[in-house]
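These notes are about the structure you will find just below.
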Amino acid sequence: MKPQNYREYLEYSPEVKTALDRGGAVVALETTIISHGFNYPENLECARECERIIRAEGAAPATIGIVNGKIKIGLGGGEIEHFAKNPDIPKCSRRDAAVIIARGLNGATTVAATMLFAEMAGIRFFATGGIGGVHRGARESFDISADLEELARTNVAVVCAGAKSILDIPLTLEYLETVGVAVLGYGTDVFPAFYLRDSGCKTDYRVDTPFEAAKLFATKEALGLKGGMLIVNPIPPGDELDADFINEKINAALAKAKELGIRGKAATPFLLAELHKSTGGKSVAANKALVFNNARVAARIAQAT
Ligand code: PSU
Ligand code: MN
């Protein structure tokens, strides 16, 4: 391979550039959640509120996406609005990155691609809602999110609310164990299931402060261990959904996806959209609450470094 000159593809916002230059705290945010995770205008409100929370904590938000083939490390307000209004912006995971950049297109980055670009930019912490994982029925479909391999290879700590039970959570945890990713419960001993505080699965380790989380990640780096870390932060108690209610909706969404033959990169956005419709907005409210909570915790961990 030729020497890497990825820097020529990166464009920093002034805010993020300043923060990185002075060694300040920066938190990455993804754009798939904006273009494909929520509808307009909730997606825009959510993206702006995440940035506001991160700034209020004293860190710089870096919303990452590809605009006209440039990797933007910190999108401007107008650009975020463009991602919010355009669900046709392609979802960009690792495998899509070079194609989208070479063609000068726009790309809404998934957890995997956002981690990849955050690492290139020197950003160590990233807040999102939920990660992709091993899908239910993966034995037949082979559907395992590229997010998991990215966690195995890229040095970014991801703060999320666990994973939705559209995924097979026990198998997702097995996969993470195999590829060497530590899962830290933030103030919890159990792995959260996005809308629910408890998936019924244990986390490997528990941390109770931003300092502990930052120290564990810094130690991984000091040891030269390649790969990320998953910090799971449960949805606030008051925002949790009822387990029977949401599980029924998830099963219905999965059945519909199967019936319609929805596969590949369309699967996750389809399931999210189905839930948003079938729960009458309850999943959207819960989703926002947990993302904000993750933005806050990620900013605190980034500052504790
Ligand atoms: N899970 C959610 N909300 C999301 C996603 C996952 O609860 O918005 C998005 C993230 O961008 C994640 C991607 O990286 O979906 C995973 O897609 P796939 O399963 O196709 O890898
Ligand atoms: Mn998939």
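The values are calculated or read from the model by the stated rules, or taken from the named source; none is laboratory data. Keep in mind it's a predicted model, so treat the numbers as computed, not measured. Backbone-built Cβ (ideal geometry, glycine too); neighbour counts: all protein chains shown. For accessibility, only protein heavy atoms count, side chains too; no ligands or nucleic acids. Shrake-Rupley method; radii C 1.70, N 1.55, O 1.52, S 1.80 Å.
Residues that are within 25 Å of residue 58 (Cα to Cα) and open to solvent by 70 Å² or more (accessible area, probe 1.4 Å) do occur in segment 283-296, at least one of them.
Within segment 235-246, being open to solvent by less than 50 Å² (accessible area, probe 1.4 Å) and more than 14 Å from ligand 1 (Cβ to nearest atom) holds for 236, 243. Scanning segment 70-86 for residues that are of a type outside the set (A, V, I, L, M, F, W, C), more than 23 Å from residue 269 (Cα to Cα) and either part of a loop (DSSP other than H, G, I, E, B) or in contact with a helix residue (DSSP H, G or I) (Cβ under 9 Å, 6 or more places away or on another chain) (or both) gives 70, 74, 76, 77. Of the residues making up segment 85-108, those that are touching a Lys or Arg at 6+ places or on another chain (Cβ under 9 Å) and either more than 19 Å from residue 7 (Cβ to Cβ) or of a type in the set (Gly, Ala, Ser) (or both) number 7.
Rundown of residues vs (1) open to solvent by 50 Å² or more (accessible area, probe 1.4 Å); (2) in contact with a helix residue (DSSP H, G or I) (Cβ under 8 Å, 6 or more places away or on another chain); (3) over 23 Å from residue 103 (Cβ atoms); (4) at pLDDT below 95, yes/no style:
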position: 5; (1), (2), (3), (4): yes, no, no, yes
position: 10; (1), (2), (3), (4): no, yes, no, no
position: 17; (1), (2), (3), (4): yes, no, yes, no
position: 24; (1), (2), (3), (4): no, yes, yes, no
position: 29; (1), (2), (3), (4): no, yes, yes, no
position: 43; (1), (2), (3), (4): no, yes, yes, no
position: 53; (1), (2), (3), (4): no, yes, yes, no
position: 65; (1), (2), (3), (4): no, yes, no, no
position: 68; (1), (2), (3), (4): yes, no, no, no
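Selection of segment 247-270 for residues being open to solvent by less than 80 Å² (accessible area, probe 1.4 Å), outside any helix (DSSP H, G or I) and within 12 Å of ligand 1 (Cβ to nearest atom) yields only 262.
Taking every residue in segment 134-150 that is open to solvent by 20 Å² or more (accessible area, probe 1.4 Å) and within 10 Å of ligand 2 (Cβ to nearest atom) and pairing it with any residue that is β-branched (Val, Ile, Thr) and not in a loop (DSSP other than H, G, I, E, B), at least 6 positions away or on another chain, the pairs with Cβ-Cβ distances below 8 Å are 143/134; 144/134; 145/111; 145/134; 145/268.
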